[in-house]
Each structure stands twice: as C-alpha cells, then as structure tokens.
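Structure, as structure tokens:
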Amino acid sequence: MTAAVLTTGDPSGSPEHAPAGAPAQAGSRLRGLRRLPLTVWLSIAVLLLVLAFSLAPGLFTSADPAVGVPDRKFTPPGWQYLLGTDHLGRDLLSRIIHGSASSMTSALIAVAIGVLVGGAIGLVAGYAGGWADAVLGRLVDVLLAIPSFLLAVVVVTALGYDTRNAAIATGVSAVAVFARLMRAEVLRVRTSVFIEAARLNGGSDAYILIRHVLPNAVRPVLSLAVLQFGLAILTIAGLAFLGYGDPPPASDWGLLVADGREHLLHAPWLVIAPGLVIAIVVLSVSRLSRFIDTERNR
Amino acid sequence: MIALKRVGQAVLVIALAYVLVFLVLAAIPGDPVSAQLENPQAGYSEAEKAQIRSFYGLDKPVLVQLLISIGNALRGDLGISLSTSAPVSSTIGEAIPSTLALAATALVFALLIALILGFASQSLGEGRLGGLVRSLPTVFLSTPNFLIGLVLIQVFAVQLGAFSIIDPETAGSTAFAALTLAIPVSAQIAQVFITALDTTTALDHTEVALSRGLAPVRVFARHLLRPSLLPTVTVCGLVVGELLGGSLITETIFGRAGIGTVVQKAVTSQDVPVLQAAVVLSAAVFVGVNLVIDLVLPLLDPRLRAPREAS
C-alpha cells in the first residue's frame, strides 16, 4: 500500500520534473549495478549465453544438429558428447544449442503479442471508461476464465501446428493479464494531478495518453513482461512437447523432451538435459523479474 | 442482491466463453467429416455427401451453426463427436472422474506442500536455510511439469518399482501423477501464503504470543494461520485453471483417460464439438469455483462482511 502511495506522489510523475528526474534515476541504477546479488549475475550470465546460442550457434558446437553418426547412437554423456547422443546418434548438446533460437524467438513473439495487444486493450479500457471499458472488460474476463494452457491449445489448433503459431497462441493466452494490469495502472495514473493539469492546458486525449499516461503505466507492465517471458518459454515447450510445434528434425527444447520420452528407460539424459535447460533458463528469467520488481518497489 | 449479480456475471462469462471458443475453432480449415467424405476411396455420391454434411450441420453458415449449437447446449445436447460419432456428453462424462480424482489429489498435495513451506519460511528465519525455502516456489514454478512427471516415472516406477506405468488408474500411479501436477500449483499457493504469513508475523499479536513463551508450532497454528488464510483461499480458486490446463500434459505422460487426454485426442482429430465442450466445461468449472470462493470468503473472515445497512 505504501509503495503505491509513494509512486503516485512521486514528483517525477509531473511533466516538468520528468526530464530532470530521468538522469538522476539512471545514475542510481548504475551505482546499484555494482552490488547486484550473485544470483542475479548468474541469471544474466545464463540469459546472455542463451542469447549467444541463438545468434551464433556455430561458435559453440561444430556438430551438425540434424545429422547423426548411427553407430554412436545412445552414447551416454561423456567427454566426446557432453550431453550424449540420441537414437540417430545426433549430438544432444548441438541440438539444444541449435534449438535455442527458435525457443527464444517464440517466447519473444508471445510476450510482444501479450504486451502490445493486452496493453492496448488495457489502455483504451482504462482511459476511455464507459462502454469501451465494459465491452473490453468482458472480453478480458472471458480470456481469463479459460485456463491459459487450454486457450493456447485451442488457438494453435485453429491456426495450425507450427512453432510460430504456438508462439502466437501463447501470446493470445497472455493478453488478458497484461490488459488487466495496464487498465489498473491507467486508472491509477488517470486521476493524478498532472493529468488534470495537462487536460486544462488543452492537451488532446491522444496526446495525454501517449505523453503522460503511457510512460507512467509502462514500468509495472515491463516487469510483468519479463515474468511472462519465462512462462511463455514453459507454455511453448509444453505445446511443442504435445506435438503442436514444428515437427522433427526441428529441435525446439520441448520437442527434444518429447523425442527423448520414447527412450526414457535406457537413455534418460535425452529427457533430463533439455528439460533442465528449460528449467534453468526459466529460473533465470524469474529471478530477474523478481529482482526488477523489488527494485521498483524500493 | 450482490450474490445474484455475481452469479449473473459468471453465467454471462461462461456463455461468452462458449461463443469465443466456437468462433476461434470455426477458423480451423478442415474437419474430419469433410476429410472422410472427400476421400475418393470412400466413394460417396454427391447426394450422400450433402446428406451427411447437413446431419452434422456443416452446410450452414458459421453464425447459424453457432445459434443452433447454443440452442442445443441450452437443452443439454452438446452434439456428436466428429471422429467417433459418440455423443459428446458421454465422451466428456466418462473422462470426468479420472480428472477429478487427479485434480483433487493434486490440490491436497499442493496445499500440504504450501503449508510445510509456509511453516518452514516462518520458523527458519532469514538465514541460508530460510532463503532456500523461500526460493523453492520459484524453482517449482520454473520446472516444466513434463520434466517432473518423466523424472518421477523414471525414478519411482522404473528404478524403484513404487508404482506401475502399465495401469494408470491405480492409487500409486494417481498419487505420482497428482504430485507432478501439484508441484507448480503448490508454488503459486506458497508464494501468496508466505507473503501473507510475513504480514501477519509483523503484527503485534504474534510478538505477544511469542513473548508469552508459546511454542512456534502453536503460534503458527493458533495465531498466524487463520489471518493468513484469506489470500491463500483466493489463490486456491485461481490455481484451478492450472490444475485443469496442466492435466493435459500430466494425463498424457501418465497415460490417464481424463479430460486432458480427451482434449488432446480432439485436437489431433480436429474434433471441434468435443474440444468445444471440454474447454467450455473447464472454463465453467474455473468460473464456478471462483464464484463460490468469492461468496464464501465473507463467512471465513468477518472483516469482509458488508455493513448491514448496505445489503
């Protein structure tokens, strides 16, 4: 409660103070950077590594993810193959590294859809009020009522099975939470004194929305976006696991686990390694999101 | 009056969910009936094709199909499966007990895990162990539930022989499937529970209770638990969505014949009526449970009761 009061009363909320307040904030953020907790550093390192995997997979592995050595099949993890090989003798580590780009891009697409569509709905509903709020509010209620994984499954069924569509479906399933948060933030900001001042100065609705309401509502939405990025990785992996993403020989992380499932009894590393990669990446994203959240409330 | 309005809103949301799911699924390019009919080897005449299509109502415009479907649903007729030709209501009905057993067991497990984490978070303090306990919910939430399920099968069914993977409906198999489903759900409950406990611990009455020399377990049970239950019960309603959505993957992994498996088969065979019914049923359960919780909460907590003159 105190946090909310402090943010509304924050002088940087006023348009005159905003430019002067910004550099000071950036300065304190830089100073804060030096005493980041160890777990936050680890999380950043993990995410940078995965980013590098996605951009330049060839730098990290020379093995071809799609071509295997048949008489090397089901090699357990060891020096030659760090994470072992699958039923066709393909290097699992190479498949995971080459699957990063697709898994990361999908999660980014999903979050982008959630932020943009959900944000727009929340912005309009919160600012316009009245009929627009009532209609959009019902739409959000309905989207929230359908369990999000089922909603994603329904949407990907309608769009057709591939990884891009799974990403879009995941984004659609996240629209409602962004819309709800954005609406709440807009309602909080809308009644502030500086919005009233801007309106008395003759600012148009569109100008006030973009120049004053949006910048003040955007930080909590970004913090949710980071959290949702992790959840999107999980949802997309779940969809890929059920076979609603690209078919093999694609190597999305969820698909790797699904492929490995048939060999669980004699080659458990085929399930455990890609599963743990998903868990570690999502854990890093969650840690960052929680850190951003506590910093914001400080 | 307020209760009636809430019920009305819930019914409206379920009805709109029906329409939304119908319209989204109408975008599917093909359907199993047409695929079967257009198969040249099946050798249907044009007249037979038209007759079969009109039997399934596939010859009408989408909006007319929607109105017919809503009318039938109101009379309790959910249509006929496009892939098995069985009534949708019986397909769904047969799957409900399995999912209900799974979800209920999972909820009990999740509450137990959350209770243990909550107690540990308050009694271990700020040290390394306490920090570990507090970070467990994030770890649970970040682990894909298919990984949890497959590891449980590998360790407990294959290596230790604690349960059989051949017969998924035994108590042992149900328990491990429920544990798979419970772990991410317990994390969501525990996060809210621990936050609420922290708030309550900071209150004076807790300090008084501790200074009277009461044992920590007793303080937890008598003084911390009840004030912290309110947000916890609310989040229990929200996790119903996770229980239903998560059952899709859990049932697939453990080979259970529940709603999740019905959904998965319906998706694979593009069986729109079954998918429609299963998804809307899940939404209805979610909305219904949360409605009940909303209405019951004031009974649990006198602070929420509306002043008499307002009602």
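So which aspartates and glutamates can residue B:5 reach, going by Cα to Cα under 19 Å and dropping same-chain residues fewer than 8 places off?
Within the straight-line limit of under 19 Å, residue B:5 reaches these aspartates and glutamates: A:133, A:141, B:294, B:309.
Where does the range B:2-74 land on the Kirkwood hydrodynamic radius, alpha-carbon pairs, in angstrom?
Kirkwood radius, the range B:2-74: 14.6 Å.
Residue B:49: which lysines have alpha carbons under 16 Å from its alpha carbon, excluding same-chain residues fewer than 8 sequence positions away?
Residue B:49 reaches B:60.
Given a cut-off of under 8 Å on Cα pairs at least six residues apart, what relative contact order in percent is computed for the range B:88-302?
Rounded, it is 29 percent for the range B:88-302.
Name the residue farthest towards the positive end of the dipole of chain A from the options A:273, A:159, A:292, assuming +1 on Cβ of Lys and Arg, -1 on Cβ of Asp and Glu, about the Cα centre.
Farthest towards the positive pole: A:292.
Are there DSSP H segments in chain B that both extend 15 Å or more along their axis (alpha-carbon positions) and score a mean Kyte-Doolittle hydropathy of at least 0.5? List them, or say none.
Once both thresholds are applied, what remains is B:2-25, B:62-74, B:88-123, B:128-142, B:171-201, B:225-254, B:272-300.
Kindly report, to the nearest 10 Å², the accessible surface of residue B:38 as traced by a 1.4 Å probe over protein heavy atoms only.
Rounded to the nearest 10, that gives 110 Å².
Rg and Dmax in Å for the protein assembly as shown, alpha carbons only: what are they?
In order Rg, Dmax, the Cα atoms of the protein assembly as shown give 26.1, 88 Å.
Could you pull out the trypsin sites (Lys or Arg not before Pro) across the range B:37-105 that fall in loop regions by DSSP (anything but H, G, I, E, B) with no more than 12 other Cβ atoms inside 10 Å?
B:75
Hey, what did the range A:173-294 get for relative contact order, percent, Cα under 8 Å, at least 6 apart?
Relative contact order comes out at 23 percent.
Select from B:252, B:101, B:61 the residue farthest towards the positive end of the dipole of chain B; place +1 on Cβ of Lys and Arg, -1 on Cβ of Asp and Glu, and compute about the Cα centre.
B:101
Run the dipole for the range B:2-74 about the Cα centre, Lys and Arg Cβ at +1, Asp and Glu Cβ at -1, nothing else charged, and hand back the magnitude in debye, nearest 20.
It works out to roughly 500 debye.
Using a Cα-Cα cut-off of under 17 Å, which aspartates and glutamates could be cross-linked to residue A:73, ignoring same-chain neighbours fewer than 8 residues away?
Output for residue A:73: A:64, A:86, A:91, A:259, A:262.
Protein chains only, probe 1.4 Å: how do A:53, A:178 rank by accessible area, largest first?
Per-residue accessible area, sorted high to low, gives A:53, A:178.
Counting only the heavy atoms of the protein chains, how much of residue B:96 is accessible to a 1.4 Å probe, in Å² to the nearest 10?
70
Would you list the membrane-span-like helices of chain A, meaning whole DSSP H runs whose alpha-carbon atoms span at least 20 Å along their axis and whose mean Kyte-Doolittle value is at least -0.5?
A:18-34, A:38-55, A:92-113, A:130-145, A:163-190, A:214-241, A:269-297
Sorting A:44, A:208 by accessible area (1.4 Å probe), largest first, what list results?
From most accessible down to least: A:44, A:208.
What relative contact order, as a whole-number percentage, does chain A give when Cα pairs under 8 Å and 6 or more residues apart are counted?
Computed over chain A, the figure is 22 percent.
What does the helix-only formula give at 222 nm for the protein assembly as shown: each DSSP H stretch with n ≥ 4 adding -39500 (n - 2.57), the total divided by the residues, and the result rounded to the nearest 500 deg cm²/dmol?
Mean residue ellipticity, 222 nm, calculated: -24000 deg cm²/dmol.
So what are the radius of gyration and Dmax for the Cα set of chain A, in Å?
Reported Rg and Dmax, both Å: 22.7, 78.
Would you check the accessible area of residue B:5, probe 1.4 Å, heavy atoms only, in square angstrom rounded to 10?
Counting only protein heavy atoms, the figure is 140 Å².
In what order, largest first, do B:44, B:56, B:18 sit by accessible area if the probe radius is 1.4 Å?
Output order, biggest surface exposure first: B:44, B:56, B:18.
The values are calculated or read from the model by the stated rules, or taken from the named source; none is laboratory data. Being a predicted model, the structure only gives us computed values, none of them experimental. Cβ: placed from backbone, ideal geometry, glycine included. Neighbour counts: every protein chain shown. All accessible areas refer to the heavy atoms of the entire protein, side chains included, with ligands and DNA or RNA removed. Shrake-Rupley method; radii C 1.70, N 1.55, O 1.52, S 1.80 Å.
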